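Below is one structure, written out as structure tokens, with a few remarks after it.
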Amino acid sequence: MHELSIAQEIIEISEQYLPQENTVPVKSVKLKIGKLSNVCVDSLQFCFKLLTENSSLRNAELIVQIIPVRIKCSQCNKEVELEENIICCPDCGSYDVSIINGLELYIDELELDDEMELNK
Amino acid sequence: MSIKVVERKILEKNDIVAQSNRKAFEEKNIFAINMLSSPGSGKTSLIERMIEFLRNKIRIAVIEGDLQTKLDAERIEKYGVPVTQIITNGACHLDAILVKEAFLKLCDYDFDILIIENVGNLVCPAGFDLGENIKVIILSTTEGDDKPLKYPLAFLKSSALVINKIDLLPYINSSIEVIKNNALSINPRLKIFETSCTENIGVENLCEWILNIKSENKVQN
Ligand SMILES: [Zn+2]
């Protein structure tokens, strides 16, 4: 359950971006998570909800964009998106590839709900 | 209104401490090995065999990660090497901050190799950099051939794979070739060792390799 630690970090980083004495609720936190990054999105959603209950991020929705695995083959120089987690060039079969996408674990954007006041 | 967060890495706090650990190890010329495995792979036994082989050649210290108990640390203590225990109280992985604290407890000792036994789990530890030089993954023959495909990140980030409990191969439905092929399909650079801790097979190959890359590292510094 490292999703709990990840959720904690998301909240901590997000709070750094909010104005002090924030009265505008956070509508959403948008993440980019690579398919290879070992994060179970359901557990992450669950932990995030649990941890934000009494914070300025309560009611915030966690929106996760999964980034597919993309590799560049050193043999045939092609860049391809992989369907499966087998890190191998589908064209020439070479394992000599570098991973371009799929290991991301980023917060991309916070969205505030301007029309709402955070009821204390 | 939306606030652009310019791709803030979620684990940046961990990564910063991991970098400072890495620097601290480097300054003391310590080679740190992060040992990953699922529970019951024989990781502690392997570390015991490694200590037996290495302790007359080089100074070793161990950080033991465990969910609840001190049992593993007590086992290692018997070998007379400095050991410190991290009890994670249920957390499923070590992070760089825990390792930093554990390393501080070892600062009275001089040693060359630091073995970090991570919590038995192939998912979470793979995501957390501890500042180690290499990750070594231990997989026992009883765990099934398809583990590498199920836990790609751990295999992708490791430098070596130890296939342990090879003495059990005659009794189980598992193929060492399939394990190897699956592991190499995730990470073709993996160095693979086959070991049995009960029969003390293969451990010296692993240790010789570690001594070798440690000395190569020295040349680079
Ligand atoms: Zn190719």
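Here is a yes/no grid of residues against (1) within 16 Å of the ligand (Cβ to nearest atom); (2) more than 30 Å from B:Leu149 (Cα to Cα); (3) at pLDDT below 95; (4) of a type in the set (Lys, Arg):
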{"site": "A:Thr52", "(1), (2), (3), (4)": "no, yes, yes, no"}
{"site": "A:Ala60", "(1), (2), (3), (4)": "no, yes, yes, no"}
{"site": "A:Gln65", "(1), (2), (3), (4)": "no, no, no, no"}
{"site": "A:Asn77", "(1), (2), (3), (4)": "yes, no, yes, no"}
{"site": "A:Glu83", "(1), (2), (3), (4)": "yes, no, yes, no"}
{"site": "A:Asp91", "(1), (2), (3), (4)": "yes, no, yes, no"}
{"site": "A:Tyr106", "(1), (2), (3), (4)": "no, no, yes, no"}
{"site": "A:Glu109", "(1), (2), (3), (4)": "no, yes, yes, no"}
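Evaluation of B:Asn187 against the conditions (1) buried (at least 19 other Cβ atoms within 10 Å of the Cβ); (2) over 16 Å from A:Tyr95 (Cβ atoms); (3) in contact with a Lys or Arg (Cβ under 9 Å, 6 or more places away or on another chain) shows that the sole unmet condition is (2). Among the strands (runs of 3 or more DSSP E) confined to the range A:47-120, the ones with at least 2 residues that are touching a Ser or Thr at 6+ places or on another chain (Cβ under 9 Å), within 13 Å of another protein chain (Cβ to nearest Cβ) and more than 26 Å from A:Tyr17 (Cβ to Cβ) are located at A:70-73, A:97-101. Restricting the range B:1-39 to residues that are under 18 Å from the mean Cα position of the chain (by Cα) and in a strand (DSSP E or B), the residue that is nearest to the other protein chains (Cβ to nearest Cβ) is B:Leu36. For the range B:50-79, enumerate the residues that are of a type outside the set (A, V, I, L, M, F, W, C), in contact (Cβ under 8 Å) with a residue 24 or more places away in the chain and either in contact with a Gly (Cβ under 8 Å, 6 or more places away or on another chain) or surrounded by fewer than 22 Cβ atoms within 10 Å (Cβ to Cβ) (or both). B:Glu52, B:Arg55, B:Lys57, B:Arg59, B:Asp66, B:Asp72, B:Arg75, B:Tyr79, listed by residue number. Taking the criterion of being part of a helix (DSSP H, G or I) and either within 13 Å of chain A (Cβ to nearest Cβ) or without any contact (Cβ under 8 Å) to a residue 60 or more places away in the chain (or both), the residues of the range B:100-132 that qualify are B:Glu101, B:Ala102, B:Leu104, B:Lys105, B:Cys124, B:Pro125, B:Ala126, B:Gly127.
The values are calculated or read from the model by the stated rules, or taken from the named source; none is laboratory data. Predicted model, so just to flag it, every value in this text is computed and none were measured. All Cβ positions, even for glycine, are placed from backbone atoms using ideal geometry, and neighbour counts span all protein chains on display.
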